Structures are given as structure tokens and as C-alpha cells.
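Notes follow the structure.
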Amino acid sequence: MLNVMDLSPILNEFDTPFLVDSGTESFTESPVAEEESEHSEDSTVCDIDSSNSIQKCNVQLHILDKDVSVDEDILAVPLEPIRTHTITKPCSVATTCQQDEGSGEPNYNELLLPSILRRESSNSTIVRKVSFPTAETELATYREPEYDYPWTINTYLSSEKILQIYQASCKQHKTIELDIIKNLIMDIKNNTNHSAVLNLSMINITNEVNETLEDLLKVANFRTLVLYECKFTPETISEFLNMLEYYESVCDIEVAMNFDEITWKCFCNACTNIMVLESISFKGMVINENYMRLLLNAVKNNSIITTLKFDACMLIKLPSFYLVESLMTNTTLCELYLPSTGLYTKEADCLGRFLQRNFTLKVLDISNNFIGDRGLEVLAKGLTKQTTLGCGLSVLVVFNNQITEKSGPIISNIISECKNLHTLNIGYNNLTDEVVANIAPSLEITTTLEGLGLQCTLLTCKGIDSLAVAIENNNSLQKINLKGNKAIQVTGLERLCQALTSSKISKIEIDDSNRSSHDPQAYVQLVKKMNAICTVNKTFKETSNDEIASNQMVSRKVSLSCEPRYVTPDTPAAAVQIESPITSPIPSPRPPKSRFQITKVQDPNSRPISRFKVTRVIPSPDEDVTLGKFANVRSSVSSNDSVDSLQLDTDSD
């Protein structure tokens, strides 16, 4: 006997319900229906009133195994999918943005690309449904995306077009247009390459701002992302990092804000998966051991990351200095910056042992620390082990590290033994003339050192005389920084000018004026003459071969113009807010001015590109080229107008 009853008392609250409306599935045919074609006496027939549609159906329930079957008449017509929102067609660059009828404003719906990370509103009343094929032999297929990498940007967009897209996004998501983002959009020269800067400093990142940033990342790539004291919520920071990971729009990330543990894990996960990320920079942050482990794991898993920078960060170190211990076997990291991180002799010893085993690191900056003479000694023990040409450190920056004249022999040993070192900055230390006298013999025999930083090292004319002797016998030095040495007088500059005429030095950084000089006017004139000689040397500088140029590529972007940070051991490094030295590339040398001349072609019918022709100047046979390249320097110095013009050329270089 069949009884009509409610099913709710039958089901236990811990049992799995026999009908589940997940919002994404619907029944088609039940294999149980064929097996249970005949009604059992133990079955119960009931009517179910659906909340979404008023519909009566006969359901056969087996009390023992709870198998379910549905009458086929109910499923004769499959459920149709319901569109929850409208996706507009992406706006093509070739077509201009359509305007709304009756208004001069562009149709913003045609500008925005379909979203990837957006979620449906939680209070939405629309129910998602899906239908399946009715025939057993029909196969439901999935359509793959048109591009293997849908985040790749291959179409050029002007900055005005990108600005329209951003404004359309702000209008759609009902948020204000941020001037800082509008300004950086107008600075975008090419949206397809990674050249622009995305600076989000001091911005309150809400869900609506995240949406507008996503629309921006869809159409533009950036070189550097700056996150200084941004205001995120746990939800928005996670979503923002997911966007960075998906779109892979930035190559360099600069961070100066505090992360909790969950956010830090999300950040490191994004750094692992952004396969265009090359550099990670932290400023003024506190990084403990657990954070460092997660970060180094990301660096290990992403071979594209070549630069790590901890600027004025407080590193909570283990006795073994976990950072360098973990990088012992790293073969991808090329640049490590640790300025103002509170390093002492113990950490310098770890760095020395690190350099004995790692030969892929090219740049090491430990400026504004406290390693002292003992720390430099243990560091040099590892550095001098790198004797294989092309494998080892190229740039060493140890300025402002409380080094004294006792380290003269150690510095000399570094210059003579390190065959890969191209730039050495030991400025802002109490070196005195004694150190220059110690390193002069090494400077004469080195064939790799190109840049030497001696700024603010208490040099006098005696030290300049020793340096001049080394310059005359050196064939590799190209840049020397002597700024801040106020004890250098006119006689020292005259000796230096004499040595420069037989060298390849193309740039000397020295104070333009010196009130401590006995003859300030003569001092200024000699500085101008020195700059003029360097300009001539730069013009006639021989081009290095390709192998040497490739080895020196990293060192060329490191500037010798560094400024110190005066901190005490008791002051936390994270409290220092002064910026670190900025690296800048060296411009390519100009072609020789005296080898070619430009003459005008008297042909009015010629095209603009042929109005001038270049002819080579053939020097006379009796002209001495070696002496002739400096023939006009003395006469130029005698005229203030000519000197000023030479000085402008030097500054422009």
C-alpha cells in the first residue's frame, strides 16, 4: 500500500540529502530508473514542492539504499543556462570607441575587457544552472581559450586610450579617479613592454580600486611596482597579489610596508609564480627568520629573480646569518644589496665563506654598516679565492664601514688578486694617504679594475701624488671619485691633470670648488681643465671586445656617487629613512669629433634625409695623434667661454 507522506521525518540530519541543488547541476537520466522500473511495496510516493519552481513530480525512494529516480517526462526538456551577467566584447584598437546616442561621451561598456578575478556579488538572487546533453552518445566539450597566454599584451595602446579605459572602469565600479594613477598612465610610452612605473604609494586599496587596477593590468605592462605604506585589507591584498601573479605585469617590486604572516605567504607565493619578476626590494622592514625562509624559497623556485635588496631593513639574524647560508648553492642570484642592515664582523665572516663557494654573485653592497678592519679582512679571505676569470664578484661596495688605514694592505690584496673585480667603492672611511700609497702598486698592475671610489677618505696632495703615479701606469681605470677631500690643493690637481693625459680615465668626480684651497680661482680652473681632458679621453677610448664587455655589463650600472648614512650601533637600521645610492647606467661614448665633419649639400630638390653628407677628415702625415688630442685643452682653459662650453659637454655626458 502506498502512502503519501512528507519525506522530512525520514531523513536524518546527519545523512546526505537525496536531492541536492548545488546551483550548478541538474538531473538528466538516472540509471536507477531503468533498474527500478516496477514499483516496490516498500517505496513511498510523494510530491516535492521546489522553492525555485512550483512543479509536481513523482519520486521513487527506496527506504533501504536511498536510490533516487525521477520520471523521464519531467526531464524531456533540459534546463537552459541562465545568463547571470553580460560580457561585452573587448574593444579593438583598430576601431574607435563608439559614443552613446545623444551624448558626446564614449560608450564605456565597449572599453572594458572581460574580468578574470571578479566574483559575483554575494547578495545576488540569480541562480546558476547548467544543462547536459540528452543523448548518451553526445559529448559535452570545453572550449579552450584562443591564446595559450591570455594575459600577454601584444597590441599597442596609446596613453590616452589607456586613460579612457581607466576612467570607464572607475565609472563602472563607482569609485573616484585617482590623480596618481592618471599621471602614471600618461607616462606610459609603450604598454606592451615593461618600462613604466606603477606607483601605489599611500593609496587606500579598496575592492573597487582593485577592480580598476585589474582593468589597467589587462592593457599595460609595467617595469616597477612601488608599494610604500599602502593601505590594504586582508581581502584586497590577497586579491591584488593574485592579480599580479596572473597578469605577470611587473619585473621589479619595491615594498616598504608591514605584512602579517598570511599576507607574507601570499606575497612569496606570487613572487614564485611571476615568471617575469627580476628584482625584489624591501625598505625599512623587519624580516624575521620565518619570513626569510619563505622569501628564499620563492627565490629558489623562481630562477628569473636575480636581485635581492634589503634597504635599511632590520634582519633578525641567526648566529650563522641564515640569509647567506641559504644562498650558498644558489646559482641564479646575481645582485645582493644589504645597505644599513647592521652588519658586523660576524656577518662579514659569513659573507666571506659565502664568496668562497658562490661564484655567480656579481654585485655585493654592504655599505653603511659596521664591519670595520677585521670584517674587511675576513671578507677579503673569501673574495681573493675567486681567481677564475669570468666567475666571481664584479662590484664590491663597502663605503662608510668604519675602515681605517690599517686595511691598506688588505685593499691592495683585493685589487691585485681579484681578477673579476671591476668596481670597488671604499669611500667615507678613514683611509688617509697611507692607504693610497699601499694600493698604488696594485693599481699599476691591475687589468680589470675600472671604477675606484675614494670620496671623503681624508686625502691630501701627498696621496694625490701617489695616485697620479698609479694612474700613469694603469690601462684599465676609467672612473675615480675624489669628492669630499677638501685637503687637496692646487698642486695636487696640477699633478693629477698631468697624469690624466697619459691615461684612459674618462671621468673624475671632484668638488667643483674648494673654500679650503689657498687659491680658489686656480682650483676651479684646474677642475675645468681636468674635465676637458677626461672628455678627450672618453672620445678616444678604445672599444673593449665582446667577452670583456659582457663580463662588465653589471658593473657599469653601479655608480660611484654614493652618500653615507650616519647611524650608530644602538639605532635600529629600520628607522633610517635616507635613500640608498641610486645606480645609473653609463652612457655610450660619443664618436670621435675630429675624424668626421658634416657639410651641407647644395641640392634644393633633395629629400630632407639627404641634405647633409658625412665626409672623413684625413689628418696630415706629420700630425702627432697622441699629442694632438690634447692640443686644444690648454687654449680652451685660457678662455672662460670655451671652458664653460667644455664643462657643459662634460656634464651632459
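The values are calculated or read from the model by the stated rules, or taken from the named source; none is laboratory data. In this text the structure is predicted, and so the values were computed from the model without any measurement. Here the Cβ is made from the backbone with ideal geometry for all residues, glycine too, and neighbour counts use every protein chain on show. Just the protein is used for accessible areas: all its heavy atoms, side chains included, with ligands, DNA and RNA removed. Shrake-Rupley method; radii C 1.70, N 1.55, O 1.52, S 1.80 Å.
If R₀ is 25 angstrom, what is the calculated FRET efficiency for the pair Lys171 and Asn193, using the beta carbon separation as r and rounding to 0.05?
Once rounded, the FRET efficiency stands at 0.30.
If amide H atoms are built 1.01 Å from N in the plane of the peptide, which residues on other chains or at least 5 residues away come under 5 Å of the amide H of Gly284?
When sequence neighbours closer than 5 places are left aside, the close amide H contacts are Asp311, Ala312, Cys313.
Taking only protein heavy atoms and a 1.4 Å probe, what accessible area per residue, in Å², does segment 184-232 have with all protein chains in place?
Per residue, segment 184-232 has an accessible area of 38 Å².
At 0.36 nm per residue, and after removing the present C-alpha to C-alpha distance, how many nm does the segment from Gln521 to Asn475 gain when stretched out fully?
13.4 nm
So how much slack lies between Ala135 and Ser561, counting 0.36 nm per residue of separation and subtracting their Cα-Cα distance, in nm?
Here the segment from Ala135 to Ser561 would lengthen by 145.7 nm.
Using 0.36 nm times the number of residues separating Met275 and Asn258, minus their current alpha carbon distance, what extension gain do you get?
3.7 nm
How much FRET efficiency would the formula 1/(1 + (r/R0)^6) give for Thr387 and Asn297, where r is the Cβ-Cβ distance and R0 is 22 Å, rounded to 0.05?
That pair, Thr387 with Asn297, gives E of 0.10.
Suppose R0 equals 51 Å. What FRET efficiency, 1/(1 + (r/R0)^6) with r the Cβ-Cβ distance, do Thr447 and Asn290 give to the nearest 0.05?
Between Thr447 and Asn290 the formula returns 0.65.
Over all Cα pairs of segment 472-522, how is the pair count split among 5 Å bins, expressed in % and running from 0 up to the last occupied bin?
That works out to 4, 19, 29, 23, 15, 8, 2, in percent per bin.
Is there a pair in Lys385/Lys538; Lys317/Lys362; Lys479/Lys529; Lys283/Lys381; Lys283/Lys317; Lys406/Lys479 whose C-alpha atoms are over 28 Å apart, and which pairs would that be?
Over 28 Å apart, Cα to Cα: Lys385/Lys538; Lys283/Lys381.
Glu434 accessible area, nearest 10 Å², 1.4 Å probe?
100 Å²
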